[in-house]
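The numbers here are math on the coordinates, done by the rules we state, and not lab data. Note that this is a predicted model, so its numbers are computed, not measured. Cβ placement follows ideal geometry from the backbone for every residue including glycine, while neighbour counts extend to all protein chains displayed.
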Amino acid sequence: MELNYQIISDDEIELCRELCNELMIFQKSKAFITPELFDNMNFDTRMVPSIKNALHNYIVIVKDGERPVAYVYSNISPKEAYSTDFAAFFDLSSVRNKNVGCLSQFYIKEEYRQYGIGSKLFNMSMNWLKEFEDIEDYFIFVSNGNINALEFYKHKGFSVSHDILDGFITVLRSK
């Protein structure tokens, strides 16, 4: 295994297409509450719009040789970006500042889990998010059924805030 962690620019996100689409399939496979909501979620409907709407983006891709095997995408966005036609992800009045930090997407191919890749990507993302002095609120949204991810983030200091869409997504928060 020859792992290489590479921070990529917004212009290079195409490198994440396959991994992002795998993430959506993985999330649907775990979901027990309205899994059909994932049918229209993919790289073009989730990652591309999020990157375009964010103020700042941070994307790290992990390759084994030349093969992409994991990625993390975090962003700084106006809090209003999280009140959409799809859902209100949190009570906007509970956030004092105008922008929030979000660890938005995180995926590791199954055969690469348990090698510390997740912790390294999580730490890289949190260190980047904390560079923004005006950000006090950090969010992670975990799809239902993804118990391992939920426990991972709780172990890393995030707490469950609430559920949205009748339990489809669990909102985790850290201040």
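When the alpha-carbon atoms of region 3-174 are used, the pair Rg, Dmax equals 15.1, 46 angstrom.
For the chain, what's the relative contact order in percent, using C-alpha pairs closer than 8 Å and at least 6 residues apart? Worked out over the chain, it gives 22 percent. Quick one: work out the % antiparallel among DSSP beta bridges in the chain, nearest 5. Expressed as a percentage, antiparallel bridges in the chain total about 90. Computed about the Cα centre, the dipole magnitude for region 1-137 is approximately 280 debye when only Lys and Arg (+1) and Asp and Glu (-1) carry charge, each at its Cβ. Once the dipole of the chain is set up with Lys and Arg at +1 and Asp and Glu at -1 on Cβ about the Cα centre, which of Phe168, Asn40, Gly65 lies farthest towards its positive end? Most positive-ward Cα: Phe168. What does the net charge come to around Lys156 if you take all other residues with beta carbon closer than 15 Å to its beta carbon, with K and R at +1 and D and E at -1? Computed value for this residue: +4. The per residue volume of the convex hull around the alpha-carbon atoms of region 1-70 is 96 Å³.
The calculated 222 nm mean residue ellipticity attributable to helices in the chain amounts to -7000 deg cm²/dmol, summing -39500 (n - 2.57) over DSSP H runs of n ≥ 4 and dividing by all residues. Taking a spot 7 Å from the Cα of Ala88 along the direction of its beta carbon, which residues of region 158-174 have an amide N less than 16 Å from it? Within reach of a label on Ala88, which here means backbone N under 16 Å from a point 7 Å along Cα→Cβ, region 158-174 contributes 162-167, 171.
Evaluated with a Cβ-only charge set (Lys, Arg +1; Asp, Glu -1), region 60-118 carries a dipole of roughly 200 debye about its Cα centre, given to the nearest 20.
Placing one identical point scatterer on every Cα of region 81-147 and ignoring solvent, what is log10 I(q)/I(0) from the Debye formula at q = 0.21, 0.22 Å⁻¹? For the requested q values the scattering log ratios are -1.02, -1.07.
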